[in-house]
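As structure tokens, the structure follows; a few thoughts come after it.
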Amino acid sequence: MMRERLTTPSKSKSDSQTEFMDGLAWWVRQGDFVTIGVSLAAIDEVGELESIELPESGDTVSESDTLFTLDGTLTSLEIESPFEGVVVSVTPHSSDLDAIRDDLLDEGWLVRLKIE
């Protein structure tokens, strides 16, 4: 199975705007916190979503580290962290892939960081 890496986006936009990373992942910054998820294009690219590898709350990540991985029937995608920070929460829906797919920009968020 091929793995693709998504690169870190520009961080020049103001707070509370949704930014996309290569059209496959998104992030929203609110003060010192960033919420990150994936787009429908990412779900389509990996095929039927089989699993998501997520960090744990309390993990420290550097900018451009792999933050999470989507594994599907067609491929896997590694999504890089757009910021350096500490994981403050991960989705409670990690075992309910339908919930993530059905509401990608709201309930479908995957990771929240407190940025440094």
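We did not get these values from a lab; they are worked out from the coordinates using the rules stated. These numbers come from a predicted model, not from an experiment. Because the Cβ atoms are built from the backbone with ideal geometry, glycine has one as well, and the counts that use them run over all protein chains shown.
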Theoretical ellipticity at 222 nm over the chain - DSSP helices of four or more residues, -39500 (n - 2.57) apiece, nearest 500: -2500 deg cm²/dmol
DSSP loop GluC sites (Glu not before Pro) in segment 35-112 with at most 12 other Cβ atoms within 10 Å of their Cβ, which ones? E48, E56
I want the antiparallel fraction of DSSP beta bridges within the chain, as a percent rounded to 5. 90
Volume per residue of the C-alpha convex hull in the chain, rounded to whole Å³: 87
